[in-house]
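The values are calculated or read from the model by the stated rules, or taken from the named source; none is laboratory data. It should be emphasised that the depicted structure is a prediction, and the values quoted were computed from it without experimental measurement. Every residue, glycine as well, gets a Cβ built from its backbone with ideal geometry; the counts of neighbours run over all protein chains shown. These area figures cover heavy atoms from the full protein model, side chains too; ligands, DNA and RNA do not enter into them. Shrake-Rupley method; radii C 1.70, N 1.55, O 1.52, S 1.80 Å.
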Amino acid sequence: MKRMTAAAAVVASVLVVTGCSSSHGDGKDGGDGGKDGKKPGAGASKEPDAFGKDEAAMKAVAVKYRQAVHQRDWRKKCELLTQQGRDGKSVDECAATNVASEPGPPATVTVEGTPETVPASGKHIAGTGLMVTTTSDGSDGRHVERVALRMVKGGGTWLVEQDADIYDSEEGHADPVREALMRSK
């Protein structure tokens, strides 16, 4: 009887150490029972409630913002900026500071990678960094523009706090979003 108990204890120890248990199911859902197939905490952030169910809403605002910039819809752009992002100006004042011009060619705007926590820097508060890519075809070929956005949530709404170009030289770095947002103060 003692041998059975000792053997059971050894097997249980091995299962605990290797992470094997029946609660992980077949491994297809990442072990968390989630529908997205990601393991808990599988993002760049250590603050799960900063993204979670709001991630889609945050990304949608980022895409609308960059579409407005590309289409030169300055009013919409300014509506999607925080007051700090508008340099303290009202939406009307912000829109008036932009030069009227023709909209860009049709473009595809996408969010790349995962959101990440970005610390405060310069005049900008801490937020969530995203890489947003705008791809358009012009008469002189395909254009790809990558920017880093610092997103903040206030009053239940995601807004853009900061918009910084990601330079080609930064794209090979480990964290081009953080680098661009921390560089651009």
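Data table
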| read-out | value |
| --- | --- |
| Residue count, the stretch 101-127 (criterion: open to solvent by 10 Å² or more (accessible area, probe 1.4 Å) and over 20 Å from residue 87 (Cβ atoms)) | 17 |
| Pairs with Cβ under 9 Å, 6+ apart, first in the stretch 55-70 and closer than 23 Å to residue 137 by Cβ, second hydroxyl-bearing (Ser, Thr, Tyr) | 63/110; 66/133; 66/134; 67/134; 69/134; 70/134; 70/136 |
| Set 132, 144: member being more than 10 Å from residue 181 (Cβ to Cβ), at pLDDT below 95 and part of a strand (DSSP E or B) | 144 |
| For residue 100: the one exception among (1) of a type in the set (A, V, I, L, M); (2) at pLDDT 90 or above; (3) over 27 Å from residue 56 (Cβ atoms) | (2) |
| Positions within the stretch 133-153 being within 23 Å of residue 83 (Cα to Cα) and basic (Lys, Arg), in sequence order | 150, 153 |
| Helices (runs of 4 or more DSSP H) enclosed by the stretch 51-100 - at least 2 residues per element that are open to solvent by less than 30 Å² (accessible area, probe 1.4 Å) | 55-70, 91-96 |
